[in-house]
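The values are calculated or read from the model by the stated rules, or taken from the named source; none is laboratory data. Keep in mind the model is a prediction, meaning the values are calculated, not measured. Every residue, glycine among them, receives a Cβ derived from its backbone with ideal geometry; neighbour counts consider all protein chains shown. Remember, those area values only see protein heavy atoms, side chains included, never the ligands or the DNA or RNA. Shrake-Rupley method; radii C 1.70, N 1.55, O 1.52, S 1.80 Å.
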Amino acid sequence: MARNTPIPHVSDEDRAFVRGLLIHEDDQVLAFNKPPGLAVQIAGGRGKSLDFLLWAFAKSNGKRPRLVHRIDSGTSGVLVVARTKPAAATLSQQFSEREASKTYLAIVSGQLPSEDDGICADALLKVPSDRGGREKMIPAPASQKGALSAETHWKILSRSDGFALVEAKPVTGRMHQIRAHMAALGCPILGDRIYGSGKLSADRLMLHAARLDIAHSEAGAGRLQLEAPLPEDFLARMKEAALSI
């Protein structure tokens, strides 16, 4: 932000809201339990997003926390943010070099795998979406131009009559990776309007960033092991599907 540029106004209500999402705070790092439906960032900066709400933590000189990764608007759960430029560089590097360990929980439905765990390593290709989204990812031969390597480790924690609670650990960080890989396995995530069968079975995407294990940006400070509890609507949908954790 240029010097003397006014800091955008964040209402008291929004300040209280974003502070209520905090699950970790120190002088280098912030971590939030992002609710479903709140965009991490909006093109052009229009509308309320977590990125905009970070102005609530801005210093008087206009410097504010920086995003270092993103999760989809419909996805809930852990999102970490850097408070300083050096912290942003350190955290971003861990994501780009696949040193951050991410664990997601998803409610899926369809033709469930007979195995209880496995690895989906289908390469993914970005194509236009035919369901209202701008783009989506589809499985493609790794040799195909534009195809990106992708790897997701998955484990079924509970299953019941065509539904399952899946733990997914993405090794790579491709757009919509878990969503595309679950669909490729035959069991898309409930509420997925892009990769689902058309029968949504949920009002929103039932995908939750449950845990993030990442080294603190400050040397010698150890690792941050961040966890976000499941939202009430996720728990309610699990109960309806007779799933447990």
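Please go through the range 212-233 and pick out each residue that is closer than 15 Å to A88 by Cβ and at pLDDT 90 or above.
Within the range 212-233, I214, A215, H216, L224 qualify.
Looking at R211, R223, which one is touching a residue at least 40 places away in the same chain (Cβ under 8 Å) and open to solvent by 20 Å² or more (accessible area, probe 1.4 Å)? Show your work before the answer.
On the way: R223 fails: touching a residue at least 40 places away in the same chain (Cβ under 8 Å).
Every option except R211 fails the conditions.
Which count do you get for residues in the range 148-181 that are over 17 Å from Q111 (Cβ atoms) and open to solvent by 20 Å² or more (accessible area, probe 1.4 Å)?
The total comes to 13.
Would you mind stating whether V81 is open to solvent by less than 30 Å² (accessible area, probe 1.4 Å), over 30 Å from R179 (Cα atoms) and touching a residue at least 40 places away in the same chain (Cβ under 8 Å)? Walk me through how you get there before you give the answer.
On the way: open to solvent by less than 30 Å² (accessible area, probe 1.4 Å): yes; over 30 Å from R179 (Cα atoms): no; touching a residue at least 40 places away in the same chain (Cβ under 8 Å): yes.
Considered against the rule, which asks whether it is open to solvent by less than 30 Å² (accessible area, probe 1.4 Å), over 30 Å from R179 (Cα atoms) and touching a residue at least 40 places away in the same chain (Cβ under 8 Å), V81 comes out as no.
How many residues, within the range 107-147, are of a type in the set (G, A, S), surrounded by 17 or more Cβ atoms within 10 Å (Cβ to Cβ) and touching a His at 6+ places or on another chain (Cβ under 9 Å)?
The qualifying residues number 0.
Pull out all pairs, ordered by first then second residue, where Cβ-Cβ is under 9 Å, the residues are six or more apart or on different chains, the first lies in the range 234-245 and is in contact (Cβ under 8 Å) with a residue 60 or more places away in the chain and on the phi > 0 side of the Ramachandran plot, and the second is hydroxyl-bearing (S, T, Y) and surrounded by 11 or more Cβ atoms within 10 Å (Cβ to Cβ).
Going by the 9 Å Cβ cut-off, the qualifying pairs are A242/S158; A242/S160.
Just to check your reading of the model, which residue among S129, S149 is more than 30 Å from E218 (Cβ to Cβ), at pLDDT below 95 and under 21 Å from the mean Cα position of the chain (by Cα)?
S129
Of everything in the range 84-106, what is among the aromatic types (F, W, Y) and either modelled with pLDDT under 95 or surrounded by fewer than 19 Cβ atoms within 10 Å (Cβ to Cβ) (or both)? Give them in sequence order.
F95, the sole residue that qualifies.
Would the range 75-83 turn up any residue that is at pLDDT below 95 and either among the charged types (D, E, K, R) or within 13 Å of the chain's Cα centre (by Cα) (or both)? Spell out the reasoning first.
Within the range 75-83, the subset at pLDDT below 95 is none.
No, the range 75-83 contains no residue that is at pLDDT below 95 and either among the charged types (D, E, K, R) or within 13 Å of the chain's Cα centre (by Cα) (or both).
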